[in-house]
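The values are calculated or read from the model by the stated rules, or taken from the named source; none is laboratory data. Note that the structure is predicted; figures quoted are calculated from it, not measured. Using ideal geometry, Cβ is built from the backbone for each residue, glycine included, and neighbour counts are taken over all protein chains shown.
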Amino acid sequence: MTDSRFFTASGPFTLAELADISGAELIEGASSDKKFFDVASLDKAKDNEVSFLYNKALLENFKSSDAGACFVHKKHADNAPEGMALLISDDPQRSYALAANAFYPVKAPVPNIAPSAVVDDKAKIEKDVRIEAGAVIAVNAEIGHRCHIFPNVVIGEGVIIGDDCVIGAGASLSHCMLGNKVYVYTGVRIGQDGFGFVMSEDGHLKIPQLGRVVIGNDVEIGANTCIDRGACGDTKIDSGCRIDNLVQIGHNVHLGCGCVIVAQVGISGSTKFEDFAAAGGQSGFAEHLNIGVGARIAAQSGVMRNVPAGVSVMGTPAIPMKEYMRQVATLGRMSRNKPK
């Protein structure tokens, strides 16, 4: 059961409606008109709530769960406790996510501009936007329909924000253009100067950063992440990307569609991720690299050369995962067999 101070559930939904929403198949014999009022974890769910089993490590929780219904793969269906209605799915986690979104849909903000917000007369703000206390919107900025600008946000001169965007508290945006349905979490920095200078014993000479940050549609940018604008040309984040908290993206980086970048990753300037590449937490990337379509970078890897499409790498310097595991196994055998 979610905390009603923070979340308000829609519904209820019948079992048949949940099956239709989620694309799951209702197991034969289940009461299709039974109503469900919320979603919950296997160990907390009650008879009028729906849960899901996505990992076999939770199988014991599933066997003893009081959930009235559960999204589950057919290979685990025989482990269900008596009386539990089953919603069979090839991807129970996705089915659960669809149901949870039905219970907790994203609602359009109530339009309002707080009296303490500072909005320049030449900013273009659609009438259905909500701007909270302390926000600052500079000259010639544009904010699209149904956007929600949280407290103390700073939106710089000329910034363009599309429709249905959320800009979290304390975030700052400059020299950037956002598409539709972009979610910028608390404390994000977008469009600041890149780390560009010429090193010299006479002093480090700054290189003017003359590009922008261009972000596509349906992108999430996690709390306290920083995205530098391009030095010459643009930094680009294409549609569908998911960027976790505390990520550093350097100038002129290009993330293709659907890339996933996990917490504390650092990407040096001009490195390109092709579509649906993914980087694990705390991995780091040298500059001017190409990470191929669907490549996977394991956590804490140090990537110093290009990664071909579809290849998984790990370690520092990063090498193909199977090769890395062979090296680890070899070192393990050597350490066990060393002469006494």
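Filtering region 284-340 to residues that are part of a loop (DSSP other than H, G, I, E, B) and within 17 Å of Val262 (Cβ to Cβ) leaves Gly294, Ala295, Ala298, Ala299, Gln300, Ser301, Gly315, Thr316, Ala318. Restricting attention to region 61-76, the residues that are exposed (fewer than 14 other Cβ atoms within 10 Å of the Cβ) and not in a loop (DSSP other than H, G, I, E, B) add up to 2. For region 141-162, a tally of residues being touching a residue at least 24 places away in the same chain (Cβ under 8 Å) and closer than 22 Å to Gly240 by Cβ returns 6. The set of residues in region 118-134 being under 14 Å from His148 (Cα atoms) and either acidic (Asp, Glu) or in contact with a Gly (Cβ under 7 Å, 6 or more places away or on another chain) (or both) consists of Glu126, Asp128, Glu132.
So that you can scan it fast, the table gives a plain yes or no per residue for (1) surrounded by fewer than 21 Cβ atoms within 10 Å (Cβ to Cβ); (2) closer than 18 Å to Pro105 by Cα; (3) touching a residue at least 40 places away in the same chain (Cβ under 8 Å):
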site: Leu18; (1), (2), (3): no, yes, yes
site: Leu26; (1), (2), (3): yes, no, yes
site: Val39; (1), (2), (3): no, yes, yes
site: Lys46; (1), (2), (3): yes, no, yes
site: Leu59; (1), (2), (3): yes, no, no
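Where residues in region 191-218 are within 24 Å of Val153 (Cα to Cα), hydrophobic (A, V, I, L, M, F, W, C) and in contact with a strand residue (DSSP E or B) (Cβ under 6 Å, 6 or more places away or on another chain), which of them is surrounded by the most Cβ atoms within 10 Å (Cβ to Cβ)? By that ranking, first place goes to Ile215.
Taking the options Ala169, Ala138, Ala223, name whichever one is surrounded by fewer than 21 Cβ atoms within 10 Å (Cβ to Cβ), out of contact with any helix residue (DSSP H, G or I) (no Cβ under 8 Å at 6 or more places or on another chain) and either in contact (Cβ under 8 Å) with a residue 40 or more places away in the chain or not hydrophobic (A, V, I, L, M, F, W, C) (or both). Only one candidate qualifies: Ala223. Of everything listed in (1) assigned to a loop (DSSP other than H, G, I, E, B); (2) in contact with a Leu (Cβ under 9 Å, 6 or more places away or on another chain), the single unmet condition for Ser200 is (2).
Could we say that Ala263 is in contact with a Gly (Cβ under 7 Å, 6 or more places away or on another chain), assigned by TED's automatic domain parsing to the domain that holds Gly187, within 19 Å of Ser174 (Cα to Cα) and part of a loop (DSSP other than H, G, I, E, B) here? Write out each step before concluding.
Numbers: in contact with a Gly (Cβ under 7 Å, 6 or more places away or on another chain): yes; assigned by TED's automatic domain parsing to the domain that holds Gly187: yes; within 19 Å of Ser174 (Cα to Cα): no; part of a loop (DSSP other than H, G, I, E, B): yes.
It is false that Ala263 is in contact with a Gly (Cβ under 7 Å, 6 or more places away or on another chain), assigned by TED's automatic domain parsing to the domain that holds Gly187, within 19 Å of Ser174 (Cα to Cα) and part of a loop (DSSP other than H, G, I, E, B).
Just one of the listed residues (Gly310, Gly315, Gly294, Gly280) is within 18 Å of the chain's Cα centre (by Cα) and over 28 Å from Cys232 (Cα atoms), namely Gly280.
If you go through region 143-199 and keep only what is among the charged types (D, E, K, R) and under 14 Å from Ile215 (Cβ atoms), you end up with Asp163, Asp164, Lys181, Arg189. Scoring Ala223 on the criteria (1) in the same structural domain as Glu287 (by TED's automatic domain parsing); (2) touching a Cys at 6+ places or on another chain (Cβ under 9 Å) leaves a single failure, condition (2). Of (1) in contact (Cβ under 8 Å) with a residue 12 or more places away in the chain; (2) more than 16 Å from Ala102 (Cβ to Cβ), Lys35 satisfies all except one. Which? Only one criterion in (1) in contact (Cβ under 8 Å) with a residue 12 or more places away in the chain; (2) more than 16 Å from Ala102 (Cβ to Cβ) is unmet by Lys35, namely (2). Restricting attention to region 171-202 and to residues that are modelled with pLDDT of 95 or more and of a type in the set (Gly, Ala, Ser), the residue that is farthest from the chain's Cα centre (by Cα) turns out to be Ser174. I'd like to check something: does region 138-147 contain any residue that is in a strand (DSSP E or B) and at pLDDT 95 or above? Taking every residue of region 138-147 in turn, at least one turns out to be in a strand (DSSP E or B) and at pLDDT 95 or above.
Is it true that Ala133 is aliphatic (A, V, I, L, M) and at pLDDT 95 or above? If you could, list the steps in order and put the result at the bottom.
Details: aliphatic (A, V, I, L, M): yes; at pLDDT 95 or above: yes.
Spelling it out, Ala133 is indeed aliphatic (A, V, I, L, M) and at pLDDT 95 or above.
Only residues that are under 30 Å from Asp66 (Cβ atoms) and either surrounded by 17 or more Cβ atoms within 10 Å (Cβ to Cβ) or among the acidic types (Asp, Glu) (or both) were counted in region 103-129, giving 1.
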